[in-house]
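Just dropping this structure here.
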Amino acid sequence: MSDWFYLLPQAILCAGGLAALGLGAVLLRPAPGLQLGGALLFLAAAGAIVLALPAAGPVLDDMLAFDGIVRFYQLLILGSAGLSLLFASRYASLRGLAGDELYALVLFATLGMLLLAGAANWVIFVLGLELFTLCLYVLIALDRGRRTSLEAALKYFVPGAAAAGCLIFGVALIYAATGSLDLASSLASTAAGDVASFGPGLAGLALILLGVGFKLALAPFHLWAPDVYQGAPAPVAAFLATGSKVAVYAALLRLVAALPADAWQALAPVFWLLSAATLLAGSLPALTQTRVKRLLAYSSVAQMGYLLLALLAYPAAGPAPVMFYAAAYVLMDLGAFGSLGLLSPVSGDLDALEGFAGLGRTRPWPAAVLAVSLLSLAGLPLTMGFVGKFVVFVAVVRAGYPVLAGIGILGAVVAAGAYLRVLGALYFGRPVHAGQGQPPGPAAYVALGLVGALIVLLGIVPGPLLGLLR
Amino acid sequence: MTAPVLTLLCPLAGAAVLALAGRHLPRRVAEVVAVAVVLAGFVAACAAWAGFDGQSRILHLASWFSVGHLAPSFSLKLDALSLLMALMVSGVSALIHFYSVAYMRRDQGFVRYFCYLNLFVFSMQTIVMADDLVFLFLGWEGVGFCSFALIGFWSEDAANVAAGRKAFILTRIGDVAYLVALALIVTSLASTSLTELNARAGLLAPDMVTLLGLLFLFAACGKSAQLPLLVWLPDAMAAPTPVSALIHAATMVTAGVYLLMRLAPMISLSPAAMLAIAAIGALTAFFAACAALAQHDVKRVLAWSTVSQVGYMFLGLGAGDLTGSFFHLLVHAFFKSLLFLGAGCMITAMHDDHDIFRMGARLRRHAPGVFAAMVMGACALGGVPPAGGFFSKGRILFAAFTAPGLAERLLWVLATAAALLTVLYAFRLVFVAFFGQPAGQGGPEALAPVPKLMLAMLWPLALLALAGGALNLPGEAPWSGWLGHVLAGVPGVAALPEDNEALVSALDALISLAGLLLAWRLWGPKNLMDWRRPAALAPRVHAFFLSGWKLDALYLAAVARPYQALALWLWRDVDGRGLDGLALGAANLAGNASRSLRRLATGRVTATLVMFALGLALILLIFSVRAA
Amino acid sequence: MSVYGVLFYALGGLMLAATTLAVTSRSLVHAVVYLVNAFFATGLLFYLLGAPLLAAFEIIIYAGAIMVLFLFIVMLTRQDKPLAGGVSLMRWLLPGLTSLVSLAAGTALVFSGGATGVPLAPAMASPRDLGRALFSRWWLGVEIVSFLLLVALVGALYLGRAPREGAAAGKSPGDAP
Amino acid sequence: MIVPFGHVLLLAALLFLMGLSCTIARRNLVMILIGVEIMLNASGLALVASSLRWMSMDGQALTALILGVAASEVTVGLALVMAVRRASGSLDADRQTALKEDDR
């Protein structure tokens, strides 16, 4: 099969983005259904091709990799984009934000994420990351008439630009050390020689870790997350929290896989510290948080901590825990942010805890999906979150990091209290303003149903998926 | 073997139906669904028991998922212990469901209520029958969640919601220990099956067994409200009364001790863990009995009494007598649900007033049936022969007495003292609530009628509570020791030596009768009526105050002042400031950490950048040290 | 030391000096002008290191286009007056300290092996070589960059346009005063 | 020879750290952007020198691509800065604190 086929999903997304822009140029006010349908069609086509392509080594002059792991993460990214759009379409059109930019930028961002997830070369790594980051800057500022939306974009942009600078300098240092821009061979060349000659490369890895840590909101590089999630429109926050994280995570996974054992020895303590800090910095602040979007932001920081735990265990335990937890994370955060967006009134996203009072009765379906997502985030059994945490903890303990597992369990317990407060407000609170918010619309119902059902279903019968991942 | 599965699944089906369609069903239909599924579960449990041939077996329903060599599965362990427990749980739940129909007859949220209640029964049966520790954890979390939801059920009052959260978080602290133990088991045995664990416990290092035992003990303490995690249970009385009866008396609080019973073969390998269980049990039994002596709220008396009685179960188990512990668990389930349901009737009659000092003799005249039931319940609770509690508690005291070691002997002394307190507070409740003369504006003018259905549910329980001793009568007669015979095949069950049994039983009987007399002397109607009419002394409120606990304290001063002081001290200071403080202290610590971490997020974008610089310097330092 | 070496250190010193002045300048206009100097020096260094086309790019794009863009913004926002309190010494303390630590640790890493002691031999890559490399080996990167520029264009247009009238402009709970 | 390779890297690292410090220490958003430009420029220097060190065109090619990255980032960044200024009336990064933790 020709290498070119491996570029087909990306090409389709390019075409989709351009089509969305063109549609906006030709028709002044395209019907929202047309835009949404078209974007979903392109995403689905890309997904179908990703699904159909056979696994291969590096393709296209060693620019892209495509193996089972990449396929899984790319599907996850496409799914996240699709669900985010389903959640976003009516949200955006109610608020007058559903221009061609929304759809085009989501498709371009997805393109960047696919590239990053499949990058086999530092150049593609950097450029893919830049592409979706640039799209996200604009998407976060989508509600540009609102000061908070712009401020959130600024708070993502400033550290983001600095992080990009760090990342690129890191790549430059790795290139300086090894003379190769190929992801695998630049890292593997440390194995042949001594670690000492890789010195600049280690410094480069530190910088790359910083850049990646910013994108994943790992502590201590996570301080932007609560502000940005709070200010961003909820469906955009959903996309930001899931798609971009998963793409970066997939790249990080490949990076770790490519590291030779002795370099991993040097890196592991740093990962240890990062994951411990992230678990604590994500779980503890949630405890006293009274703004739900910020709470979800901290929670997604904590989830990154669990993913990092799984990554630490990856060399010992294989990819199944990492991948399963990533899938669980995507569904939980999409469900949480997406339903939060649906529950919100047009005048601005729901945030303060009091606003959620009694919504379990007045808006049963979005509230139920929010509740399921929160229970899953808290790790209660029969949800995907539980199975994911269990699988990760087992892997981590087996890999010889019992202390980290303990911190993780502790974090889960602490955070459960925070989620419980939201649940309490949803179902026990007295409704403050009845009838706020608009009906979600059919597209959002599809997304709600999918997310809710998958979280529960894969919590009860995770076997097939886990089997597939192994 | 479909019957055990039906026991498990019927309540789940009910919960699902109510959750999905409950809103659209007529009230009567929803109630019938809720009660019918639990009744069906009970019938299935009966069938399972009837079809049980004494052979323990594992029923593998489905695989859940697998990680490495580890494959948690939905599998059930069916032996005498689990089937009897399932029978008790479903039977008591069925009665309480019936009762709830009447109790909740005016409440609008009945669908939610019954949905949680059915879900609870499912979760509890999961704990009872699961063979897999991960599957068991599902039930373990499930009962915690349902308890949270039901304690906060009347959510108009923020205190109720707070109580629900307190319960959930404190039991979740126990869950940490469960998960850590699970992780240890996973790494050392690569299996999560209870049966496997018990069978291969001998292969583990002794220290490991002790550690596991202590971890599971801590987890059980959370669920069973034992020291030091007991403070949630009295607050949990915010739940509707049938819920208190079901969850906080008969079933969920016994989940902890039941888990330890299941693990008995493993834990019994570690004398230290066994002693810890016994010690926690005896201390809690004494502590809670003291606290119960000082309460005014009828439900809180019963709540503390539950804590105390579950302490006895721990003591029995720690003393190595699983049979006795389980015996007490069953009998306690009967008489405690009887007492709670009776209390529900009292509260209904009193228009939701919980204070026993405002009830008095008129309540006895208004609802003699309730009075009779409460007396029977108090007899069983206080261990007055020949009620059920006499035999079951006696068995545990005897087990503690015969256990080797000085420590156990001391615990026996403590538990015997607690037995005296038990009969005192049990009859204090009866005498004050049914013979007292509330003065002034003590409660409503006219008492409300008690629904017949509620009353009807008391009698089967009263019968069981009184005759519960027949399950395991002492002696050599053919009908005695039935429970012991049945449980003989269960791993971890050991027989007791026979000597001195009569002596210890006689002592128990003596204590309970003495306590009964003392209670009559202290709180009996004669004494209460002797007191000068308080209305003449002071305004009405003050009068109530006097005839309330001040009178109480006066009479106590003669004989029981030390007890009273101790009780108040334990209740107010140790519990209120000490234990609550401990739990709150941990919470405050977390809260402060939380706030200081949040303070990092100043909203300034430069804060993030500063972290970049710091993090970069740190990572580079680590790398340069590692590379050097 | 060869004449190349002298040139390198001279240009390096110039870059450092100009950059220092730029980052500490109290006036935005001055900062941009210093930066143009630094970029010129970088361009010359590129030439010295054998990249003539990049040297031209650096001067045209960085020193030219981007810096002019900055100047426009500075003028548009009327930020041409000296900034008050923008350069207090205290604010430089923490970044300075961490930079010193990073520099020390990084230098230790960079010079830990012998690889970095390799002398650089003068060589020159013709524009043709770079063009060939870009469009044969790195064509995918070029394509992605083209999309980057497109997205930047779309984004800048979107952000630059005033928000549509009638679009919900109510205050959200997050809109603290 | 020109100079040892390490010296060029050192120069690049110095420039990079100056840029990073600039983003931290300066409060004006335009100055922060300038800091980012300095960081990217430093990467370019390191890449071009490495290209010479390894005698391959990869570093130079990446430098050329990074020029594009820098241009697009500055475009969006400046547009965003302008929009923020329109909304909040200030270019001071530390004044953009409508989003922050509550004091509870």
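Quick one: which of D:S90, D:S51 is within 14 Å of chain B (Cβ to nearest Cβ) and free of Cβ contacts under 8 Å to residues at least 24 places away in the same chain?
None of the others qualify; the one that does is D:S90.
Let's see how each residue does on (1) at pLDDT 75 or above; (2) of a type in the set (D, E, K, R); (3) assigned to a helix (DSSP H, G or I):
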residue	(1), (2), (3)
B:Q441	no, no, no
B:P444	no, no, no
B:L447	yes, no, no
B:A456	yes, no, yes
B:L464	yes, no, yes
B:E476	no, yes, no
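Answer yes or no: is there a residue in the range B:300-311 that is in contact (Cβ under 8 Å) with a residue 24 or more places away in the chain, closer than 18 Å to B:A80 by Cα and within 14 Å of the chain's Cα centre (by Cα).
So far as the range B:300-311 goes, no, none of its residues is in contact (Cβ under 8 Å) with a residue 24 or more places away in the chain, closer than 18 Å to B:A80 by Cα and within 14 Å of the chain's Cα centre (by Cα).
Taking the condition at pLDDT 95 or above, within 9 Å of another protein chain (Cβ to nearest Cβ) and touching a Leu at 6+ places or on another chain (Cβ under 7 Å), does A:L127 pass?
Criteria met by A:L127.
The rows are residues; the columns are (1) surrounded by fewer than 24 Cβ atoms within 10 Å (Cβ to Cβ); (2) of a type in the set (S, T, N, Q); (3) part of a helix (DSSP H, G or I).
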position	(1), (2), (3)
D:A42	no, no, yes
D:S51	no, yes, yes
D:S56	yes, yes, no
D:A83	no, no, yes
D:A98	yes, no, no
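How many residues are open to solvent by less than 80 Å² (accessible area, probe 1.4 Å) and within 7 Å of chain D (Cβ to nearest Cβ) if we restrict to the range C:1-13?
Residues in the range C:1-13 being open to solvent by less than 80 Å² (accessible area, probe 1.4 Å) and within 7 Å of chain D (Cβ to nearest Cβ): 4 in total.
Can I ask one more? Please find, among A:Q74, A:Q35, the residue that is open to solvent by less than 40 Å² (accessible area, probe 1.4 Å) and within 23 Å of A:L469 (Cα to Cα).
Going through A:Q74, A:Q35 in turn, the sole match is A:Q74.
Also: Checking A:A25 against (1) touching a strand residue (DSSP E or B) at 6+ places or on another chain (Cβ under 8 Å); (2) open to solvent by 30 Å² or more (accessible area, probe 1.4 Å); (3) not in a loop (DSSP other than H, G, I, E, B), which single condition isn't satisfied?
(1)
Also: Hey, among B:L283, B:L215, B:L203, which residue is over 21 Å from the mean Cα position of the chain (by Cα), over 30 Å from B:M346 (Cβ atoms) and hydrophobic (A, V, I, L, M, F, W, C)? Before you say what the answer is, go through the steps one by one.
Details: B:L283 fails: over 21 Å from the mean Cα position of the chain (by Cα); B:L215 fails: over 21 Å from the mean Cα position of the chain (by Cα).
Only one candidate qualifies: B:L203.
Checking B:H69 against (1) under 30 Å from A:F324 (Cβ atoms); (2) away from every other protein chain (no Cβ under 14 Å); (3) open to solvent by 70 Å² or more (accessible area, probe 1.4 Å), which test does it fail?
(2)
Among the residues of the range B:376-402, what is the count of those that are open to solvent by 10 Å² or more (accessible area, probe 1.4 Å) and either not in a helix (DSSP H, G or I) or not assigned by TED's automatic domain parsing to the domain that holds B:I511 (or both)?
Total satisfying the criteria: 3.
Which of the residues spanning the range A:304-362 are surrounded by 24 or more Cβ atoms within 10 Å (Cβ to Cβ) and polar (S, T, N, Q)?
A:S339, A:S344
I'd like to verify a number: residues in the range A:130-157 that are open to solvent by 10 Å² or more (accessible area, probe 1.4 Å) and assigned to a helix (DSSP H, G or I), how many?
Summing the residues that are open to solvent by 10 Å² or more (accessible area, probe 1.4 Å) and assigned to a helix (DSSP H, G or I) in the range A:130-157 gives 1.
Give the residue, chosen from B:A62, B:A80, B:A94, that is buried (at least 22 other Cβ atoms within 10 Å of the Cβ) and in contact with a Phe, Trp or Tyr (Cβ under 8 Å, 6 or more places away or on another chain).
B:A94
A further question on this structure: Out of (1) within 14 Å of chain C (Cβ to nearest Cβ); (2) within 23 Å of A:L450 (Cα to Cα), what's the single condition that is false for A:P381?
Answer for A:P381: the failing condition is (1).
Pick from B:L420, B:L411: which is part of a helix (DSSP H, G or I) and crowded, with 24+ Cβ neighbours inside 10 Å?
B:L411
With respect to the numbered conditions (1) open to solvent by 10 Å² or more (accessible area, probe 1.4 Å); (2) closer than 30 Å to B:G492 by Cα, which one is the sole condition not fulfilled by B:G222?
Evaluating B:G222 over (1) open to solvent by 10 Å² or more (accessible area, probe 1.4 Å); (2) closer than 30 Å to B:G492 by Cα leaves (1) as the failure.
Does B:L87 count as in a helix (DSSP H, G or I) and in contact with a Pro (Cβ under 8 Å, 6 or more places away or on another chain)?
Working: in a helix (DSSP H, G or I): yes; in contact with a Pro (Cβ under 8 Å, 6 or more places away or on another chain): no.
So B:L87 does not fit the description; no.
Working only within the range C:14-45, note down all residues that are closer than 22 Å to D:M31 by Cα, open to solvent by 20 Å² or more (accessible area, probe 1.4 Å) and without any contact (Cβ under 8 Å) to a residue 40 or more places away in the chain.
Selection gives C:L14, C:L16, C:A17, C:T20, C:L21, C:H30, C:V33, C:Y34, C:V36, C:N37, C:F40.
Working only within the range C:92-151, note down all residues that are in contact (Cβ under 8 Å) with a residue 60 or more places away in the chain and either within 17 Å of D:A12 (Cα to Cα) or within 14 Å of chain A (Cβ to nearest Cβ) (or both).
Result: C:L120, single match.
Being out of contact with any Asp or Glu (no Cβ under 9 Å at 6 or more places or on another chain) and not polar (S, T, N, Q) narrows it down to one residue among D:A70, D:A13; which is it?
One residue alone meets the criteria, D:A13.
Per-residue answers, yes or no, for (1) in contact with a His (Cβ under 8 Å, 6 or more places away or on another chain); (2) open to solvent by less than 10 Å² (accessible area, probe 1.4 Å):
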| position | (1), (2) |
| --- | --- |
| B:M313 | yes, yes |
| B:G316 | yes, yes |
| B:L322 | no, yes |
| B:H328 | no, yes |
| B:H332 | no, yes |
| B:H351 | no, no |
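When the residues of the range C:46-57 are narrowed to those that are more than 7 Å from chain D (Cβ to nearest Cβ) and closer than 20 Å to D:A71 by Cβ, which ends up surrounded by the fewest Cβ atoms within 10 Å (Cβ to Cβ)?
C:A56
What pairs come out if I take residues in the range A:277-291 that are touching a residue at least 60 places away in the same chain (Cβ under 8 Å) and facing chain B (nearest Cβ under 10 Å) and pair them with residues that are open to solvent by less than 10 Å² (accessible area, probe 1.4 Å) and β-branched (V, I, T) whose C-beta lies under 9 Å away, six or more apart or interchain?
Short answer, once both residue conditions are applied: A:A281/A:V301; A:G282/A:V301; A:S283/A:V301; A:A286/A:V301.
Got a sec? Which of A:L404, A:L426, A:L420 is more than 9 Å from every other protein chain (Cβ to nearest Cβ) and within 30 Å of B:R112 (Cα to Cα)?
A:L426
The values are calculated or read from the model by the stated rules, or taken from the named source; none is laboratory data. Keep in mind the model is a prediction, meaning the values are calculated, not measured. Please note: Cβ atoms are built from the backbone with ideal geometry, for glycine as well, and neighbour counts cover all protein chains shown. Surface areas here come from the heavy atoms of the whole protein model, side chains and all, with no ligands, DNA or RNA. Shrake-Rupley method; radii C 1.70, N 1.55, O 1.52, S 1.80 Å.
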